[in-house]
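Taking it in order: structure first as structure tokens, then the write-up.
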Amino acid sequence: MTRKTPPGIVLIRRIRGKDWSLKTYRYVILLVTFIAYACYHASRKPNSIVKSVLAPDHKKIHGLNPWPMGEFFVNEELEGKRDQGWEPFNGKDGTYKLGEIDVAFLACYSMGMFVAGHLGDSLDLRLFLTTGMIGSGIFVGLFGMGYIWNIHEFWFYLVMQMFAGLFQATGWPSVVAVIGNWFGKRKRGLIMGIWNAHTSVGNITGSLLAASVLEYGWGWSFILPGALIVVGGILVYLLLAAYPEDVGFPSPHGFPSTASAETFPIDEEARPGKQNTSTHDGEPTGLGSGNKKSIGLVEACLIPGVIPFALCLFFSKLVAYTFLYWLPFYLSQTDIGGEYISVKSAGNLSTLFDVGGIVGGILAGYISDKLKARATTAASFMYAAIPAMLLYRTFGSVSKTVNIILMMVSGLFVNGPYALITTAVSADLGTHSSIKGNTRALATVTAIIDGTGSVGAALGPLLTGYLSTKGWDTVFVMLMLCALVAGLLLSRLVIVELSEKFREASSCNGHHVLGDSTTTDPLLSGGR
């Protein structure tokens, strides 16, 4: 299909009288997609922040001195509102219903992911992403309007979350596909590791926004992030060029093109990048494809490496999303240094898990680039997450300082492989040599991997809603077992990667040195 140049870019060209360079476009793409997915995650975070308000635990909150940054960790509590809760979540089955709300969102999210991936490869990614963001904002805001309208029917909140989940499914396949369209494989792990910080930045932003307006009523904790993602959707519509050829540049993957894009006088800096046979980052390029057919789900599943990584992400994302949805609630119910903290403090404190996650995503991407071993890196991080979570559960209650340190370490190892698989690995497989460049597979492959992971993401919070009533030790045992299984599922790919490394070392010792141009990534070769 023929796509149009984004209106914001057309306006900027007219004002400047010339076009941006390829390098500038890539920075803009990184920034716009970063903001877009940060908005998605910010709109998911309010659920975890308001859990303790909707379903009060009736624990006595002791007054604490603000720590460590003045009013950031305050201990004022909305005693009346917290004690009363919000029907229908304030009964004995309140945590069960909150778990059901989470699973309704995530089940629709995971089911919608498979459809969204195929649609993303078939439709205009810019318009598809814009529609998803605005739709998400509307339904997240409507959930919060239940407070304004004084609605106490469980079905209302369930339906709002289900529709929000369907619209949220548009996000991840779309943004990964856009990044894959603009960037080649060189340093992809590091670039995407840094870029994937949007997940944690979104979680942090959503937590702080939701906590900041909690005193005005829990509904505003949804309305504000809902408005934020709508604004993000407008930004995407104005500035996101989903494919390089949409603005006259060649694809970094060397695919033939039948696409057309609006033309405009370009400056000298931009001119070399728009030649049909140029190279970028040492990689050959050709005009990108705007009309290639999209790959089918079955074909995508047959790409070597897709199924093992999808199953690994099932368990990895189960662990990550359990922390995403339940960590603030856990913190508000846990004795830390002999005291209980407020809901607002718990929301603010939980953001530090995502700070560790930012470091983990960047570190995993960098290591996997250096080693050229995505599976080995991901499995190693999952195994390391097991002792990290055990230490957090065992010693996190000693003091707030110890809790913060162990929480950030857990976030590093939990979010590292999750970030690596959903970004660099998905993009690697979506441009796999087996599809020979004649189909569009990025969004479809991403949807299969992240959609499978999202089934686990739905299961984790649901199980936590039940298991938490039996004690948090049970929850952490579940999380550690899932991390172990996630690592084991990559065993075959790890063996292939390590074998490849040993063969390379033997070749080097035999004075047969392989340059970068001939080195094979076992992941991309399917273990051949």
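The values are calculated or read from the model by the stated rules, or taken from the named source; none is laboratory data. All values derive from a computational prediction rather than experimental measurement. Neighbour counts are summed over all protein chains in view; Cβ atoms, including those assigned to glycine, are modelled from backbone coordinates with ideal geometry. Remember, those area values only see protein heavy atoms, side chains included, never the ligands or the DNA or RNA. Shrake-Rupley method; radii C 1.70, N 1.55, O 1.52, S 1.80 Å.
One Cα centroid belongs to segment 301-367, the other to segment 374-413; the line between them spans 10 Å. Projecting label points 7 angstrom from Cα along Cα→Cβ for SER399 and VAL115 puts them 5.3 nm apart. Protein heavy-atom surface of segment 292-429, 1.4 angstrom probe: 75% of the accessible area is carbon and sulfur, with nucleic acids and ligands not counted. Spacing of the modelled spin labels on CYS301 and ALA227, each 7 Å from Cα toward Cβ, amounts to 4.5 nm.
Measuring nothing but protein heavy atoms, the accessible surface of segment 122-250 at 1.4 Å probe radius is 76 percent carbon and sulfur.
As a fraction of the 1.4 Å probe accessible area of segment 1-48, surface on carbon and sulfur atoms comes out at 65 percent. Any of LYS4/LYS45; LYS51/LYS317; LYS45/LYS97; LYS51/LYS92 with alpha carbons more than 25 Å apart? Name them for me. Flagged as over cut-off: LYS4/LYS45. Sorted on the mean count of surrounding Cβ atoms within 10 Å across their residues, most packed first, peptides 15-27, 371-383, 233-245 read 371-383, 233-245, 15-27. Rolling a 1.4 angstrom probe over the protein heavy atoms with all chains in place gives segment 312-387 an accessible area of 24 Å² per residue. For segment 160-170, backbone phi angles converted through the Karplus equation (6.51, -1.76, 1.60; θ = phi - 60°) give residue-by-residue couplings of 4, 5, 5, 5, 4, x, 5, 6, 5, 5, 6 Hz, Gly and Pro being listed as x.
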